[in-house]
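For reference, the structure discussed in these notes is given below.
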Amino acid sequence: MTKRTTIVLLLFPTISVLVLLFLGGLAMGLMQSFGYMPLIGMNDFNIDAYGSLFGDQEFLLSLALTLWISISSTLLTMVLAIITALAFRKTFSGKRIANFLYQFPITIPHIVIAVGTLLVFSQSGMAARFAHQAGLIADQNQFPVVVSDKLGLGIIYVYLWKQIPFVGVIVLSILQAMGNNYEELARSLGASKWQAFRHVLLPTIIPGILPASIICFSFTFGSYEVPFLLGRPYPTVISVLAMRLYQDVDLNARPQAMATAVFMAAFISIMVVLYKRLLGKMSGRR
């Protein structure tokens with residue numbers, strides 16, 4: 001028995017389970033999205049569920065909200081992660097403690113941060129009660145709406161809290177591996193700090209943060225627990241809408257729920273393909 005055969009046999013049980021669960025679930029979801037559910041008398045394939053998606057105002061509002069949250073949180077994450085990584089390049093008093101606190105959110109699950117945000121920043125939360133007791137507001141309802149707001153600010157806050165240190169560690173490792181030689185050389189040739197950053201540091205950082213950015217975007221686009229806890233009932237994000245349709249007592253809503261889920265998977269797949277092409281073009285230019 002060759003070494004390659006041994007490796008395949010050792011990996012086969014795990015891979016077979018993963019493939020069975022993924023492909024089996026995907027196949028069942030696709031069939032139900034095309035209206036094929038023999039158990040309730042749906043025996044004909046059709047695209048009615050997909051046709052109803054883009055004619056449904058709630059779906060379009062959910063898509064717009066999901067894109068807003070995903071794009072804004074990803075862009076803010078990239079910008080703030082670069083800024084904080086540049087700050088941690090420098091030596092300062094208490095850097096070790098600051099670095100520990102900076103990376104600490106990576107270890108905390110999203111749902112824990114979401115629950116903490118709900119307890120602290122809701123209009124009946126700790127911050128609102130403290131502001132009321134301190135006389136800053138006359139009533140707790142006057143506290144700024146951060147949770148269950150129409151812009152999803154509470155949701156974006158949770159994603160930023162988790163994602164900034166995740167991307168920041170990647171950027172910091174790239175900067176430390178690169179060192180200061182290229183930047184100092186650019187400065188010695190007359191480049192300003194901004195020019196050195198734009199023409200030396202940024203082109204080096206971008207190939208490293210692009211994979212992190214697509215991971216952040218994909219996760220926020222399909223995340224369920226955070227928008228479920230901190231979002232509004234209407235409009236809600238696509239993942240919550242799909243789950244709500246899936247749990248509907250009327251099984252006739254199941255095809256639309258599966259069509260929504262398939263749309264999410266297809267959209268993320270397209271984004272990944274576009275990212276790979278962009279990264280390939282950037283590598284070719286370099």
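Computed from the coordinates by the stated procedures, all read-outs in this text should not be read as laboratory data. Quick caveat: nothing in here was measured; it's all calculated off a predicted structure. Cβ: placed from backbone, ideal geometry, glycine included. Neighbour counts: every protein chain shown.
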Exercise for the section: Tell me what the chain gives for mean residue ellipticity at 222 nm when only DSSP H runs of n ≥ 4 count, each as -39,500 (n - 2.57), the sum divided by the residue total, rounded to 500 deg cm²/dmol. Expected result: -23500 deg cm²/dmol
Handout entry: In nm, spacing of pseudo-spin labels at F92 and L202 (7 Å Cα→C-beta vector)
Key = 2.3
Handout entry: Estimated inter-spin distance, L278 and W194, nm [label 7 Å along Cα→Cβ]
Key = 2.4
Practice task
Starting from the Cα of R244, step 7 Å along the direction of its Cβ; do the same at V120; then give the gap between the two resulting points in nm.
Solution key: 2.8
Exercise for the section: Treat the count of other C-beta atoms within 10 Å as a stand-in for reagent exposure and order L201, L241 from fewest to most. Expected result: L201, L241
Practice task
Quick one: net charge around T84, please, counting Lys, Arg +1 and Asp, Glu -1 for every other residue with C-beta under 15 Å from its C-beta.
Solution key: +4
Completion exercise
Phi-derived 3J(HN,Hα) across the range 237-251 with the Karplus relation (6.51, -1.76, 1.60, θ = phi - 60°), rounded Hz, x for Gly and Pro, is 6, 4, 4, 5, 4, 4, 5, 5, 5, 5, 8, 4, 5, 7, 5
Handout entry: the chain - Rg and Dmax from Cα coordinates, angstrom
Key = 23.7, 78
Practice task
Quick one: check the C-alpha center-to-center distance for the range 88-158 versus the range 51-78, whole angstrom.
Solution key: 24
Practice task
Would you list, by chain and number, the lysines whose Cα falls below 26 Å from the Cα of K193, excluding same-chain residues fewer than 8 positions away?
Solution key: K90, K95
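Dipole of the chain, Cα-centred, from +1 at each Lys and Arg C-beta and -1 at each Asp and Glu C-beta, to the nearest 20 debye?
Here the size comes out at about 1540 debye.
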Completion exercise
Taking the dipole of the chain about the Cα centre (Lys, Arg +1; Asp, Glu -1; charges at Cβ), the one of V171, H132, S148 that reaches farthest to the positive side is V171
Completion exercise
Counted neighbours (other Cβ, 10 Å), sorted fewest up, put E225, E183 in the order E225, E183
Practice task
Go through 88-100, 148-160, 186-198 and give me the packing order, highest mean Cβ count within 10 Å leading.
Solution key: 148-160, 186-198, 88-100
Handout entry: Estimated FRET transfer efficiency when R0 is 30 angstrom, pair L61-N141 (beta carbons, to 0.05)
Key = 0.70
